[in-house]
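To start, the structure itself, in structure tokens.
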Amino acid sequence: MTFVYKQILVAVDGSGEAEWAFEKSIEIAKRNNAALNLIHVIDVRSYTTMTKRTPDIDDEVFDQGKELLDRYKKKAEAAGVTEVNAIVAPGSPKTTISREYAKRVKADLIVCGAHGLNAVEHFLMGSVSEHIVRSSPCDVLVVRKNEPEQAENQIE
């Protein structure tokens, strides 16, 4: 039996934990000659609470997500990953990543950080990474940022 990943889905949000997940996913993709599918989910639930409307694809929040993914994509390609796809999607990160897009890209590995940007959201709604582990149709690698000084190199 071989353990080769061909479609890797990486959840990124600009946090240090997501940066570590991204860095590890590059190496996994290169070792396995796998496609790297980068996903950034715009959490429309918190957006509608603050603005009383659902954002659409032309809103600035989507542009910011596209810019973030563009920087990650360029870095992955420069590191030698041959196939890099970028996905900005609206929805709840918990379900959009593990249930919707993991199936769409036929992911055999999801890589995510242990914590995202928002500690309050984590407290109120639970851990996105925990939910991905519980509901994913494939293997999941949850990456922890263990050396704070190395997180300074995150993509901005």
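The values are calculated or read from the model by the stated rules, or taken from the named source; none is laboratory data. Here the structure is a predicted model, which means the values were calculated and not measured. Counting neighbours? That spans all protein chains shown, and the Cβs are built from the backbone with ideal geometry, glycine included. Areas reflect the complete protein model, heavy atoms only, side chains present, ligands, DNA and RNA absent. Shrake-Rupley method; radii C 1.70, N 1.55, O 1.52, S 1.80 Å.
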* Structure fact -> The distance between the Cα centres of the stretch 30-45 and the stretch 60-79, in whole Å, is 11 Å
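Just by accessible area at a 1.4 angstrom probe, what is the order of TYR101, TYR72, TYR5 from largest to smallest?
On the way: TYR101 30, TYR72 0, TYR5 50 Å².
Largest accessible area first, the list is TYR5, TYR101, TYR72.
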* Computed accessible area, LEU141, all protein chains, 1.4 angstrom probe, square angstrom -> 60 Å²
* Structure fact -> In nm, the gap between the two label points placed 7 Å beyond Cα toward Cβ at VAL4 and THR82 is 1.2 nm
